Amino acid sequence: MNNHQKKNGFLRNVATVGLLWAALIGAARAITVLPSDEGGQAIQCLTRAAGPLPVSEQLMRENRGDHATFLRVKLSFDRPDQAPKVEVLANTVNEAVHDEVLKYLASYRLPCLGSQAVVAIQEFHFSPLGTAEGKPLRAAALTSDLVRNCLVMPKRNPDAPNLGPKYAGAIAKIFIQASFDGDGQVGPQTKIIYSDAPGALENEILAYLADYRMPCRNSGDKPFAFRQRFLFSYDGTKPAHFKTSELSLKQFLGSVQGWQERPAFFDFASMACPFQVEWTAMRPVESNGVRELGSSDPNRAEFLAWLRNMELTLNPKLTKQLLGETLVIDVPCGKIDLQPSPLPVTPSLT
C-alpha cells in the first residue's frame, strides 16, 4: 500500500461529474498460498496394488466392533521406483489391520515423480457399516512464510481507470491465480479465475502482477503458487461481510448445504484440539480457502480438505457478494461421525 492510504483500509476516493475512481481494499492481505502443482501432479500418477485393501470382513468386524476406527499416515516419496517412507500419525485400529495397511502402502509408487520429494497425508477409515476406505492422498500443507519473506510486490497500487456513472455504488472483485516457476528475476504466470470488473480494470491488474518477483528463488526450485483477491469499491461503497467474524464448528455447519448427507468421520482429539481454522468462501468458483491458525498439524489434512468443498446455504446474490470473504471456525474436541445407514438417522456433532 502507498503512503496515501487511510487507516480505515480505503484509498482516497475522488468523484467528479460523469467519472468515478475505484478504491482498492486490502489486496496485499488477500493472498492464499496454494498446494504445489508439482506435488499434485505427481500424486495423480500414483500406482498401487491392484484391488482394494485386503482386509477380510471377519478381520474388519474384530477390529471395529460398534465404532468407526481409522489409521492416518504421512507418506514421503523420494524416488519414483521406491515405496514411500511411512510415518503413522494417528491410529485406532488393531494390530492385524495396522499391518495390512502398511503392507498395502508398500505397493505405492509415484512413477512421474521429479527431482523434488513429495509428502502426502492419507487416512484409512473402517466404519461399522462400511468397508475399508483409503481417502485420497492430500499433499502436505504449505506455509505462507514465502509470502512474508520473499514475495515482493510493486510499491504502487494498481491504477484503477476512470469509469462512467453506471458503476456508481458498485463493488468489483477480481481473483487471480499466479505461479512462479523460474528464478528470482522471472515474473509469475497469471490467470483470472473470477471477475465481475470491467476489462480495463482486469488488464491493469494483470499488468500490476507482472511486476511481482520472488528474489529468493533459484532456478530449479519447486513452483510456488498463490491466489490473490483484488476488491474495488466505487464511490465509497462498502463491501458485504459475514455478520460475525468467528463461529463455532456447529454454527458453521448449520449454514452449509447438505453436509449431513456426506459420510464423514473426524476425531478431533487426534488433531491437537481445540484449534481454529480461517475459512474463505470461494464456492462455486473453486475450492474454498482454508488455513490453520496457530501451529499447523498434518493430522488435520483430511478435515481441511472436507471444509474446502463446503458451500453455504445462500441465494446467488449473497453468494456473489460474500465471495472471497473470510471467517474463523472454532473447532472443539469431540467427533463428527456421519456413517451410511440403512435406516434414517439424525447426524450429530459431538
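A few notes on this one:
- Each residue of the range 185-202 was assigned a 3J(HN,Hα) from its phi angle through the Karplus curve 6.51 cos²θ - 1.76 cosθ + 1.60 (θ = phi - 60°); the sequence is 9, 9, x, x, 8, 10, 8, 8, 9, 6, 7, 10, 9, x, x, 4, 6, 4 Hz, with glycine and proline shown as x.
- Estimated Rh, the range 181-246: Kirkwood, alpha-carbon pairs, angstrom: 14.6
- Label point distance in nm, residue 202-residue 135, each placed 7 Å from Cα along Cα→Cβ: 3.7
- For residue 34, the residues whose amide H sits under 5 Å from its own are 225, 226, 227, ignoring neighbours fewer than 5 places away on the same chain, with H placed 1.01 Å from N.
- Karplus-based coupling profile of the range 231-248, in residue order and whole Hz: 10, 10, 10, 9, 6, x, 5, 8, x, 6, 9, 5, 4, 10, 8, 8, 9, 5, with θ = phi - 60° in 6.51 cos²θ - 1.76 cosθ + 1.60 and x standing for Gly or Pro.
- Taking a straight Cα-Cα cut-off under 14 Å and skipping sequence neighbours fewer than 8 places away in the same chain, the aspartates and glutamates within cross-link reach of residue 320 are 196, 286, 311.
- Within straight-line reach of residue 155, meaning a Cα separation under 25 Å, sit the following lysines at least 8 residues removed in sequence or on another chain: 6, 7, 173, 191, 238.
- Note on surface exposure: 138, 300 rank 138, 300 by accessible area, highest first, 1.4 Å probe.
- Derived scalar couplings ³J(HN,Hα) [the range 309-320; Karplus, 6.51 cos²θ - 1.76 cosθ + 1.60; whole Hz; x for Gly, Pro]: 9, 6, 10, 6, 7, 9, 6, x, 5, 5, 4, 5
- The H on the amide N of residue 157, modeled in the peptide plane, is under 5 Å from the matching H of 2, each at least 5 residues off or on a different chain.
- Amide proton proximity set for residue 78, modelled H, under 5 Å, gap of 5+: 85
- In straight-distance terms, cross-link reach from residue 250 covers every one of the lysines whose alpha-carbon lies under 18 Å from its own, apart from those fewer than eight places away in the same chain; here that gives 335.
- Taking every alpha-carbon pair under 8 Å whose residues sit at least 6 apart, the range 183-320 reaches a relative contact order of 19 percent.
- Considered as an equivalent ellipsoid built on the Cα gyration tensor, the range 138-253 has semi-axes of 29, 23, 11 Å, the largest given first.
The values are calculated or read from the model by the stated rules, or taken from the named source; none is laboratory data. Bear in mind the structure is a predicted one, so any value in this text is a computation, not a measurement. Positions of Cβ are backbone-derived with ideal geometry, glycine not excepted, and every protein chain shown enters the neighbour counts. Ligands, DNA and RNA are excluded from the accessible area calculation, which covers all protein heavy atoms including side chains. Shrake-Rupley method; radii C 1.70, N 1.55, O 1.52, S 1.80 Å.
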